Amino acid sequence: MKIFNIRKTKIHRHVFLATLAIASIITSPRAQQSAQPSADRVALYQALLDLNNPWTVMCVAAHPDDEDGTSLIVMRRKYGAHTVSLFSTFGEGGQNAIGPELYEELGAIRARETMAAAEIQGSEPHFLGLKDFGYSKTRDEAFKFWGHEEALRRMVLEIRRLRPDVIITNHSVTSNDHGQHQATALMVVEAFDAAADPNKFPEQLKDGVTTWQAQRLFVRARGNATPAADAQIVTIDPNEKDPIRGVVYAEEALRGLQKHATQGPWPKTFAEYATRFRAFSGQQGGAPGQLPMIRYALVKTAKGVAGMPAQESHNFVDGLRLADSVAAEAAIPQFNSSTLELANHPEAASQMLRGFQSTILATATTHPADPLRREMMREKFEHASALATGIYFQNQPSTGTVLPNSTLDMAIKIGNAGTETVNVTDCGPLTSDSEQRPVNNNERRVNHATAPASRVTPGAVITVPEKIQVPASAKINVPLAEHLYEPTGLGLTLVTRCSYEVSGTKLEIDLPTRVDVAPPVEIKSTEPSLLVLTPQTESRPPSLQVTVVSHLNQPTNVWVGAFGNAAGKPSMSLVESVPPPLASGESVNLRMNAKLRIQSFSNIEISAAIEKGKTRSIVSKATLPIIRADARVAPSLSVGYIRGFDFSLPNALNALGVESKEFSVDDVKTVDLSKFTSVIVDNRVYESKPELIAVNQKLLDYANAGGNLIVFYHKSDEWNPDPRRNRPQLAPYKLILGNERITDENAPITFIEPDHPLLNLPNKIGPDDFKDWIQERGLYYPREWDPQFHALLQSNDPGEGPLKGGLLVADYGKGHYIYTSMVWYRQLRAGVPGGYRMFANMISYGRVK
């Protein structure tokens, strides 16, 4: 089943808020101190707050960064709720604001970014693994890719596994934004009831998975929309200050957003964030420099659930009550002091928790009424007890990447910042059956022989060495981009359990460590990632660079070979290479120049093998597609380009056999541009390299003097004239972008000026050149332009009016200026022949008759 969790199991989900270097923790014991060091105090405060809240709040979102980070932070840091986020996709269909990775590679990065943001939010991210195919305008289009029933099945399963009491979402079924948002919103509404229905997806009800009825569903009220008069509203104040951390909750949410770097750039300050949010959302209210209130309307309530308070609430779980049997198992302690006061007096907190220990740990039953909630509360108690005692555990694995059926060396550092001596009686991995399911406390055991107790006196630090066996069945997830949609794609969690004793009180704690599982030798990359042959390059032997890395713990002979494959013919060896023995973690680049003509091959297969004597054991493979494009260029071209984050431009120019040079902004200032037949400004370069704006006039002067200046798409707020950002009109004539886009990659194309030279020389462009496109036609189409521009193409999504600004060309002085909003870079990267033919015409414009 394709459900993706950060961790392998439902246990061990409580994340430490403060991970401190042991040396800094124990610089001085806490004896005679009235308060902990700041980070310790914050961590204890949060742990005690968590221990008083048995509820789980889930935020459902379509993509990474769609989650409501502020509300998650408020529910965790103000109220102590267990918070989780559930994402329909990995966001792999979006644009990348920091690097060249797209599609699955981008999804792998965004999964990691989401995990980093979740650490700041104090939440736990999970993924449904549905395909992000790019921006869509309707939920019907989303379900065409996802399958309505399959998408719902995945969401129902995750609700049954995570068992949230309250579900919140930013998305609405009535919104007009992203179709994947609309589809996710509909799934949430349907899954709220379906998860509790034993007749819906009954095959899921095994291995500890049962039906589950969430109690409330809230949908965010966007902009200035007014909820129905009888709607029950929860209002979250994003400008409220955390009483112990001293920062505004929304400011912490901004820190989380900043972790989504591929979707930036994000505001650097809270004031800038508030200003941008107001401008983007159109929402009013609140003081300048602050964010508007966040409002959620209650749209579904389970039968028999207690109602919300009559007045407007600030907490999604207000008024909820646990069943008596569940409440007894959860054993929520009642503190006789405030959480803040207890955090300031850890010794008192420790004594109080020990007093509750017998109640909390004695309620385990053979058949608990709510085993996951029971397990969650046990983990919260163990975490709070360790912090109050002043005992700190830190896993230090020897490596973050392991092999199946290997042994991982683990150093467990244990520091005592408390006032009492701690005896650590045992540390070891959990047994395999405990790894697979929620268990009762008396079933939790380590697969480790009891060792002599280790004394940790106040102020001391010890290191306990441990060896963790990685299961032979562990699934490989390296590289993540190749395993993104697999259930184990985000890695393996190994759990060490430590037992310790303080003043006769026996305590335990789980220490999870997430590792990646790799093959013995990994083919890390091939350059190029696909081979495009054109009339200019089809007879040249291609240069192929392969990077391999060893994950073995001893030097290893690695053999790498490349084989040409053709339909109906045996594979043909092109080149073989044996590098020097590779040490663990060492990588090597192998340049393989194929000596044979490869026109007849459909792909090249790369194999990496471990070589022992005359025996080779293949452990990794990669496939390099070969694509042919009849794209001809004018002779003697020389192209300069200012590259964005993608490498589609240099790769395409190389495939076309064109001499090219990449420019920095400083190069633009100093280089004699007249030596180049065309200069290209890549996608969104005026945003990624804003210093280019100051020297843009030199680019315009180049075109005016006879050059051919080509500019690929930009966002409207990165391009349109803006005095506040010292951004003038960047094109030689008026050119104002809008936010319209054509998301249907098969949308019909109309040729407005079919006889225009740009559509005819040196390649005759026709409808077939727009077949097999990837993801979309174009985005951020111009909405106003000077009559000097010729609009050559027209297209539209179904049911919408035509957009004509996808390809604009104008004469400027002695030269030319081309602006295009069409996503040529995706077509070039994917090897779409028509994309290469049109690109060849653009760089040849004015050079062929």
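The values are calculated or read from the model by the stated rules, or taken from the named source; none is laboratory data. Note that the coordinates shown come from a computational prediction; the quantities given were computed from them, not determined experimentally. Ideal geometry is used to build each Cβ from the backbone, glycine not excepted, and the neighbour counts take in all protein chains shown. For the accessible areas, the whole protein counts, side chains as well, though only heavy atoms, and no ligand, DNA or RNA atoms are used. Shrake-Rupley method; radii C 1.70, N 1.55, O 1.52, S 1.80 Å.
Open to solvent by less than 30 Å² (accessible area, probe 1.4 Å), at pLDDT 90 or above and over 34 Å from the mean Cα position of the chain (by Cα): does that describe ALA631?
The answer is yes for ALA631.
Filter region 392-409 for residues that are over 28 Å from the mean Cα position of the chain (by Cα) and surrounded by fewer than 24 Cβ atoms within 10 Å (Cβ to Cβ) and give the result.
PHE393, ASN405, SER406, THR407, ASP409
Sort out which residues of region 590-611 are under 30 Å from GLY400 (Cα atoms) and modelled with pLDDT under 90, and write them in order of number.
Across region 590-611, the qualifying residues are LEU590, ARG591.
Select from region 489-512 the residues that are open to solvent by 20 Å² or more (accessible area, probe 1.4 Å) and in a loop (DSSP other than H, G, I, E, B) and write down the one among them that is nearest to THR389 (Cα to Cα).
If we take residues in region 489-512 being open to solvent by 20 Å² or more (accessible area, probe 1.4 Å) and in a loop (DSSP other than H, G, I, E, B), then SER503 is nearest to THR389 (Cα to Cα).
How many residues, within region 652-692, are part of a helix (DSSP H, G or I) and either of a type in the set (Phe, Trp, Tyr) or within 35 Å of the chain's Cα centre (by Cα) (or both)?
15
Select, from VAL189, VAL173, VAL156, the only residue that is part of a helix (DSSP H, G or I), open to solvent by 10 Å² or more (accessible area, probe 1.4 Å) and of a type outside the set (Asp, Glu).
Only one candidate qualifies: VAL189.
All but one of (1) within 14 Å of ALA562 (Cα to Cα); (2) in contact (Cβ under 8 Å) with a residue 60 or more places away in the chain; (3) outside any strand (DSSP E or B) hold for VAL633, so report the exception by its number.
Among (1) within 14 Å of ALA562 (Cα to Cα); (2) in contact (Cβ under 8 Å) with a residue 60 or more places away in the chain; (3) outside any strand (DSSP E or B), the lone unmet condition for VAL633 is (1).
So, in region 242-263, how many residues would count as being acidic (Asp, Glu) and open to solvent by 40 Å² or more (accessible area, probe 1.4 Å)?
Within region 242-263, residues that are acidic (Asp, Glu) and open to solvent by 40 Å² or more (accessible area, probe 1.4 Å) number 1.
Go through region 801-823 and count every residue that is open to solvent by 10 Å² or more (accessible area, probe 1.4 Å), without any contact (Cβ under 8 Å) to a residue 60 or more places away in the chain and part of a strand (DSSP E or B).
Of the residues in region 801-823, 1 are open to solvent by 10 Å² or more (accessible area, probe 1.4 Å), without any contact (Cβ under 8 Å) to a residue 60 or more places away in the chain and part of a strand (DSSP E or B).
Going by the conditions given, is ALA151 in contact (Cβ under 8 Å) with a residue 12 or more places away in the chain, small (Gly, Ala, Ser), touching a strand residue (DSSP E or B) at 6+ places or on another chain (Cβ under 8 Å) and not in a strand (DSSP E or B)?
For ALA151, the condition - in contact (Cβ under 8 Å) with a residue 12 or more places away in the chain, small (Gly, Ala, Ser), touching a strand residue (DSSP E or B) at 6+ places or on another chain (Cβ under 8 Å) and not in a strand (DSSP E or B) - is met.
Report every pair of residues separated by at least 6 positions or lying on different chains whose Cβ atoms are under 6 Å apart, first residue within region 531-553 and closer than 17 Å to ALA652 by Cβ, second polar (S, T, N, Q).
Final answer for the pair search is GLU538/GLN599; SER543/ASN593.
Could you check ASN553 against (1) surrounded by 14 or more Cβ atoms within 10 Å (Cβ to Cβ); (2) assigned to a loop (DSSP other than H, G, I, E, B); (3) touching a strand residue (DSSP E or B) at 6+ places or on another chain (Cβ under 6 Å); (4) at pLDDT below 90 and say which number it fails?
Just one mismatch for ASN553, condition (3).
On the given criteria, is PHE145 free of Cβ contacts under 8 Å to residues at least 60 places away in the same chain and in a helix (DSSP H, G or I)?
Judged against the criteria, PHE145 is a match.
Among all residue pairs at least 6 apart or on different chains, which show Cβ distances below 9 Å where the first residue, located in region 456-480, is at positive phi and the second is aliphatic (A, V, I, L, M)?
GLY459/ILE26; GLY459/ALA31; GLY459/ALA417
Here are ARG373, ARG378, ARG321: which of them is assigned to a loop (DSSP other than H, G, I, E, B) and either open to solvent by less than 30 Å² (accessible area, probe 1.4 Å) or at pLDDT 90 or above (or both)?
After ruling out the rest, the residue left standing is ARG321.
Anything in region 788-800 that is assigned to a loop (DSSP other than H, G, I, E, B), of a type outside the set (Asp, Glu) and closer than 12 Å to ALA747 by Cα? List them, or say none.
Once the filter is applied, which keeps residues that are assigned to a loop (DSSP other than H, G, I, E, B), of a type outside the set (Asp, Glu) and closer than 12 Å to ALA747 by Cα, region 788-800 yields ASN796, PRO798, GLY799.
Restricting the search to region 286-303, which residues are of a type in the set (Lys, Arg) and either modelled with pLDDT under 85 or outside any loop (DSSP other than H, G, I, E, B) (or both)?
ARG295, LYS300, listed by residue number.
Look at GLU124 and say whether it is in a strand (DSSP E or B), open to solvent by 10 Å² or more (accessible area, probe 1.4 Å) and touching a residue at least 60 places away in the same chain (Cβ under 8 Å).
Criteria met by GLU124.
Can you name the residue in region 328-343 that is in contact (Cβ under 8 Å) with a residue 60 or more places away in the chain and over 36 Å from the mean Cα position of the chain (by Cα) and is also farthest from THR301 (Cα to Cα) among such residues?
Among residues in region 328-343 that are in contact (Cβ under 8 Å) with a residue 60 or more places away in the chain and over 36 Å from the mean Cα position of the chain (by Cα), the one farthest from THR301 (Cα to Cα) is LEU342.
Go through region 304-317 and report how many residues are under 24 Å from VAL84 (Cβ atoms) and either in a strand (DSSP E or B) or in contact (Cβ under 8 Å) with a residue 40 or more places away in the chain (or both).
Looking only at that region, the number is 7.
Test GLN180 against the stated conditions and say whether it is touching a strand residue (DSSP E or B) at 6+ places or on another chain (Cβ under 8 Å) and open to solvent by 30 Å² or more (accessible area, probe 1.4 Å).
Against the criterion (touching a strand residue (DSSP E or B) at 6+ places or on another chain (Cβ under 8 Å) and open to solvent by 30 Å² or more (accessible area, probe 1.4 Å)), GLN180 does not qualify.
Identify, by number, the condition in (1) in contact with a strand residue (DSSP E or B) (Cβ under 6 Å, 6 or more places away or on another chain); (2) modelled with pLDDT of 95 or more; (3) open to solvent by 20 Å² or more (accessible area, probe 1.4 Å) that SER85 doesn't meet.
(3)
Looking at region 695-748, which of the residues that are over 30 Å from SER674 (Cα atoms) and open to solvent by less than 30 Å² (accessible area, probe 1.4 Å) is farthest from the chain's Cα centre (by Cα)?
ALA747
Please state which one of PHE663, PHE645, PHE676 is among the aromatic types (Phe, Trp, Tyr) and open to solvent by less than 10 Å² (accessible area, probe 1.4 Å).
PHE663
I'd like the full set of residues that are closer than 21 Å to LEU533 by Cβ and open to solvent by 70 Å² or more (accessible area, probe 1.4 Å), limited to region 611-628.
Hits for region 611-628 are THR623, ARG628.
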